[in-house]
1. List pairs: first in the range 79-98 and under 30 Å from LEU56 (Cα atoms), second outside any helix (DSSP H, G or I) and at pLDDT below 90, Cβ under 8 Å, 6+ apart or cross-chain?
2. For ALA43, are the conditions met, namely being on the phi > 0 side of the Ramachandran plot and small (Gly, Ala, Ser)?
3. Pairs under 6 Å by beta carbon, first residue free of Cβ contacts under 8 Å to residues at least 60 places away in the same chain in the range 13-33, partner of a type in the set (Lys, Arg) and surrounded by fewer than 14 Cβ atoms within 10 Å (Cβ to Cβ), six or more apart or different chains?
4. Check whether at least one residue in the range 54-65 is of a type in the set (Ser, Thr, Tyr), surrounded by 10 or more Cβ atoms within 10 Å (Cβ to Cβ) and either within 30 Å of GLU32 (Cβ to Cβ) or over 12 Å from the mean Cα position of the chain (by Cα) (or both), and report yes or no.
5. Step by step: first the residues of the range 77-107, then only those that are within 12 Å of LEU4 (Cβ to Cβ) and of a type outside the set (A, V, I, L, M, F, W, C), then the one that is surrounded by the fewest Cβ atoms within 10 Å (Cβ to Cβ). Which residue is that?
6. Of all residues being polar (S, T, N, Q) and at pLDDT below 85 in the range 75-111, which is nearest to LEU20 (Cα to Cα)? Just the residue, please.
Amino acid sequence: MPNLNAAFSALSDPTRRAILARLAAGEATVMELARPFEMTQPAISRHLKVLESAGLIVRRAEATKRHCSLAPKPLEDLELWLSMLRRALEANYERLDKLLAAIPLDTQSKE
């Protein structure tokens with residue numbers, strides 16, 4: 001997972017996360033991606049460059065249009081890394097559940 005830091009850095013921006021969410025629905029042109037945002041096309045292009053540098057998207061040119069799509073491999077790497085953390089957390093919660101279950105419950109109050 002060589003680009004893990006770059007991927008998380010790219011994902012730290014809400015505009016870039018919104019772009020990725022849009023691309024999850026399918027390929028889009030730069031202009032289609034820019035449409036819902038109140039920013040210039042060059043600003044969107046800068047966001048796309050960050051996403052592309054992080055390996056999260058791929059861009060291709062077709063005549064005068066630039067198409068963008070998700071790059072599956074880096075997203076799979078992120079999911080793999082997050083799954084590892086999820087498993088570790090689940091193991092911690094299971095140990096905590098066992099410890100809590102072993103504590104006797106004192107239902108009588110002592111006066």
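The values are calculated or read from the model by the stated rules, or taken from the named source; none is laboratory data. Only a predicted model underlies this, so the values are computations on that prediction, with no experimental measurement involved. In this analysis, Cβ positions are derived from the backbone assuming ideal geometry, glycine residues included, and neighbour counts consider all displayed protein chains.
1. Filtered contacts from the range 79-98: LEU80/MET1; TRP81/MET1.
2. No; evaluated as a whole, the condition is false for this residue.
3. THR29/LYS65
4. No; the residues of the range 54-65 include none that is of a type in the set (Ser, Thr, Tyr), surrounded by 10 or more Cβ atoms within 10 Å (Cβ to Cβ) and either within 30 Å of GLU32 (Cβ to Cβ) or over 12 Å from the mean Cα position of the chain (by Cα) (or both).
5. Out of the qualifying residues, it is GLU79.
6. The residue in question is THR107.
Rundown of residues vs (1) polar (S, T, N, Q); (2) surrounded by fewer than 13 Cβ atoms within 10 Å (Cβ to Cβ); (3) in contact with a His (Cβ under 7 Å, 6 or more places away or on another chain), yes/no style:
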| position | (1), (2), (3) |
| --- | --- |
| SER9 | yes, no, no |
| PRO14 | no, yes, no |
| LEU20 | no, no, no |
| GLY26 | no, yes, no |
| VAL30 | no, no, no |
| ARG35 | no, yes, no |
| THR40 | yes, yes, no |
| LEU51 | no, no, no |
